Every structure is written in structure tokens, then in C-alpha cells.
Amino acid sequence: MIIKSMSRKSPSFGQLIEYMSDIDKADEKYNVYQNIYSHNTEDMEKEFQQNAETMFKRKNGVYLYHEILSITKSQKLEDEQQKEILRSVAHEYAQKRASDNLVFATLHDDHDEHLHYHFLISSNALGESKKTRMSKSQFDTFKKNLEKRTLEKYPELGQKIVINKQAGEKLSNKGSEQKRRTGKTPQRDLVKDKLQDIFNQSNDKQAFFDALDKAGFEVYIRGKNIGILDKANNRKYRLKTLGMLDDFNAMSARIELEKASNREQKKSGDFEDVKTKHQDEIKNIRKKQRSGNENKTKKDNKK
């Protein structure tokens, strides 16, 4: 399970609702609504806008949160079964995350490897002037608890532990014995530790390959197998043999979501730029009209 949160400092509710409701990606029957009366895009946008107007305004204040909940597709369940379960998890997500806030969520099935929900969450509770905010530590705890409950309640999804995965040195049984006898960690386990750090910290492909190069590694592919070459000793390690294929796939899914989010954020920025430009043009036209009316009035008075 992967959870990602992004805040927005502009009230671009309509743009995000339109993106989330894209009929090529979203299935309306799996939509989630919380504290919202309307179910069409225009009226939902009005509800979010009206609720935002009750909020105390400050410079660079957050208007909304765009959050993503993603799971790896199971090979044991039909798509509809997975979507029904994920909708239940999405309902719980909205309740535990912001029970009094406006929430709209859509399920996207536009990738082969994973299903994911997009959430639009108001930054303030319904009708409240004060913003609802989770600290970083609170949000981390929320994510860990949600993953733990989901894995326990829906084992049929076949999800791997991602958020709750413990950091630190992990040695094989053979490696543990070698370290006990010699005091040295085996090379294989050192490689695993370095790779784990790289997988956890890489948020895009360039960062991933830069981190590999810095560690003295490079990726190799042989048939369907993906592996890592340690350039220091020219030794190769298959990710599957290292037991790190799931970690690699989780990182790949996170990078893919990051790319999609960045594209969507760029569209939002372009939309705001066009909107601002349009508003400025309208202001200039009205200013010219007022100026023309004033000049006409002065001429009429002289007559």
C-alpha cells in the first residue's frame, strides 16, 4: 500500500474534480462522498468553494489536499472484488483522515499493476473557519495504522508490508552467523541495505539512477529477471534472489504516481495561469469601458 499527500494553496477545486472524474480512468459507481450533497462536478465545485469561503484566510494558506491511496493488483481476485474492497478502505480513509471535512474520491484503473484512489479533501471542516491539520507524525501514524488494519482485514488482497516495513540492518541467517563469528557483515547483506535505502529515498527515475551510480551499482536485465551489478567487484545480484523484488516494484509504483501527480499539478498551474490572465484581461476591458464612459459624460456636460 502506498499513500501520498499533496496540498494546494489555490482553490482549484473544479480542475481537480474534473481530472478525478475523467471517464477514461474513473468508474463512477466506486465514487466516495463525505459531507457532500451534490454528485455532479459543477455543484460539487460550488460546495467546496462555498465551504472554503467560511475559512479564515491567510497568505499562502492551504485550500485543499489531493491524496492518493494505491494498492498492487492481486492475481487471486477478480478486478470487481478488489475494487469493492478498496472502496471500503477508501471510506475508512476518509473517516479516519478527516471525518468532518468535505471529501470526494474516485477510483482510477488506468494502470496494469495497481489500482488507486484520488481524494479531494477540504482543508477545513464543514462550515468551520479553522483548518483541520495533521502533523507529519500524526499522518505517519495514520498511514501505518490504515495499512496494518487493511492487511489484517483483507489478506486476500495479497498486499506486502510497505509503510510499516522496519528500517535497519537485515541479515540472512548465514550472514548473521558470519557476523557473529567474524564481526563483519557479508557483502550480499551490505548490498541489500544500500538498495533498501535507495528504494526508499528515490522519488523519480533520475534520482534512482543517480543513487545507484553513487553507490557503485547499475541495473541489468536478463530475460524477465532484473538485477543489480556491483561495479566494485563485478558481482551480479538478482532482485528476486535478494528478496527485494517487491521493494523495487513498490518504488516503481511510487515513482509512477509521482509522475502522474506532477503532470496533474502542472495542469493545475497552467489552469490557474490562464484563469489569472483571463481575469486581468476582463479587468482591463472594464477599466477601458469606465474610462470611455467618464470621457463621454464629460463631453455631454460640456454641451
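Every number in this text was worked out from the coordinates using simple rules, so none of it is lab data. Quantities reported herein were computed from a predicted structural model and do not represent experimental measurements. Backbone-built Cβ (ideal geometry, glycine too); neighbour counts: all protein chains shown.
Taking all Cα-Cα distances within region 2-163, those exceeding 19 Å account for 54%.
Close amide H pairs (under 5 Å, H built 1.01 Å from N) link TYR220 with GLY227, ILE228, LEU229, residues at least 5 positions away or on another chain.
Loop-located GluC sites (Glu not before Pro) in region 59-152 (DSSP state other than H, G, I, E, B) with a sparse environment of at most 12 neighbouring Cβ atoms within 10 Å: GLU78, GLU113.
Find how much the distance from ARG222 to GLN159 grows on full extension, using 0.36 nm per residue of separation minus their present alpha carbon separation; answer in nm with one decimal.
Numbers: separation 63, 0.36 × 63 = 22.68 nm, distance 2.64 nm.
Length difference between fully extended and current span is 20.0 nm.
Here the simple spin-label model places points 7 Å from the Cα toward Cβ, and for SER99 and GLU53 these points are separated by 3.0 nm.
Using a cut-off of 20 Å between Cα atoms, the listed pairs LYS165/LYS205; LYS214/LYS236; LYS96/LYS153; LYS29/LYS144; LYS165/LYS224; LYS192/LYS231 include LYS165/LYS205; LYS29/LYS144; LYS165/LYS224 as exceeding that distance. Set the Förster distance to 22 Å, then compute FRET efficiency between GLN75 and LYS240 from the Cβ-Cβ distance, nearest 0.05. Efficiency, from the Cβ-Cβ distance: 0.85. Modelled label positions at LYS259 and TYR37, each set 7 Å beyond Cα in the direction of Cβ, lie 4.3 nm from each other. The value of relative contact order for region 2-163, using C-alpha pairs under 8 Å at least six residues apart, is 31 percent. For the pair LYS130 and GLU84, a Förster radius of 45 Å applied to the C-beta separation gives a FRET efficiency near 0.80, rounded to the nearest 0.05. Computed 3J(HN,Hα) for region 189-194, one whole-Hz value per residue from the Karplus formula 6.51 cos²θ - 1.76 cosθ + 1.60 where θ = phi - 60°, is 6, 5, 4, 4, 4, 5, glycine and proline marked x.
So which trypsin sites (Lys or Arg not before Pro) in region 197-237 pass both tests, a DSSP loop state and at most 11 other Cβ atoms within 10 Å of the Cβ? The qualifying sites are LYS224.
Under a Cβ-only charge scheme (Lys and Arg +1, Asp and Glu -1), can you give me the dipole magnitude of region 28-171 about the Cα centre, in debye to the nearest 20?
The dipole of region 28-171 has a size of about 980 debye.
Across region 72-123, the convex hull enclosing all Cα atoms gives 76 Å³ per residue.
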